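The structure appears right after this line, and notes come after that.
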Amino acid sequence: NDWKADVLKHKGYYYTVGGSTFYSGTQWVFGMTMEKLDSLGNSIKYKEINDTSFAINPNGSNSLLISPTGSIYKVGYGYNFKNNKKIFSAYLYKTNTNLDSIFFKTYPPDTGKVRAFENAIYYDHHIYAVGTDSIYGKSYQMMLMKLDTLGNIVWEKKYISPGTGMVGTCYGYEISKTADNGFVLFGQHNKNIIINGPNDLRVLKLDSNGT
């Protein structure tokens, strides 16, 4: 199974990211593919990123970024198993414009079983990634994380669903920069913990510190 998830254009080249399943010799695992194409769509370099201990989900619109210096970043999430439980962790993958790997870092949840990146922007030498974090496995909250170019966490902010306290679901999906150097986050809010319950659009306007 192969599919494309996102594409980025930079200086006449296209960079695509997708997903695939790989056979490790003992099991099938989910992984990620990346490809560099010329302006006519001809392949220049193709690579596969997979790890038998961490299943990578490559999906996410605007999850592929490039810095002014030519570093490419991919945000997303994947999972592994801990004590026979599936634990979802966010990740940041960095390459150069030739798709040579620089690092792959994961960010497990502090509590609960889910921390996921969905979308990100590159601004002022930092990556701002929006996503979702779980609260002791009972509910979910929108999350914004600021990372430096080495993948270190500068700060992380979490936004609990309004009026719900520790109960409810709130997912973060998109981020945009504003003219005053702040951010707008877009997500989904459900005041119940029932996944199939009624959902509302949630929009947050934040300052440059995520407040």
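The values are calculated or read from the model by the stated rules, or taken from the named source; none is laboratory data. Every value quoted in this text rests on a predicted model; they were computed, and no experiment measured them. Cβ coordinates were reconstructed from backbone atoms using ideal geometry, including for glycine residues, and neighbour counts include every protein chain displayed. Ligands, DNA and RNA are excluded from the accessible area calculation, which covers all protein heavy atoms including side chains. Shrake-Rupley method; radii C 1.70, N 1.55, O 1.52, S 1.80 Å.
Some observations on this one:
- Considering only 101, 185, 122, the residue lying farthest towards the positive end of the dipole of the chain is 185, judged by Cα position with unit charges set on Cβ.
- Cβ-Cβ FRET estimate between residue 157 and residue 40, R0 fixed at 41 Å, reported to 0.05: 0.45
- Length released on extending from residue 47 to residue 100, taking residue separation times 0.36 nm less the Cα-Cα span: 18.2 nm
- Estimated inter-spin distance, residue 21 and residue 174, nm [label 7 Å along Cα→Cβ]: 3.2
- The structure-derived value of Rg/Rh (Cα atoms, Kirkwood Rh) appears in the list (i) 0.98; (ii) 1.07; (iii) 1.04 under the label (i).
- Net charge, residue 119 excluded, C-beta distance under 13 Å - Lys, Arg +1, Asp, Glu -1: -1
- Computed over protein heavy atoms with a 1.4 Å probe, the carbon and sulfur contribution to the accessible area of the stretch 1-147 reaches 48%.
- Working value for the stretch 21-70: equivalent-ellipsoid semi-axes of 25, 15, 9 Å, each the square root of 5 times a Cα gyration tensor eigenvalue, largest first.
- Residue of 182, 41, 131 that the Gaussian network model of the chain assigns the largest fluctuation, springs spanning Cα pairs under 10 Å: 41
- The stretch 37-101 - percent relative contact order, Cα under 8 Å, separation 6 or more: 26
- Percent RCO, i.e. relative contact order, over the chain, from Cα pairs under 8 Å lying at least 6 residues apart: 11
- Per residue, in Å², the accessible surface of the chain once ligands and nucleic acids are set aside, probe 1.4 Å: 50
- Computed over neighbours whose Cβ is under 11 Å from that of residue 133, the net charge equals +2, Lys and Arg +1, Asp and Glu -1.
- 13 Å beta-carbon shell around residue 42, net charge (K/R +1, D/E -1): 0
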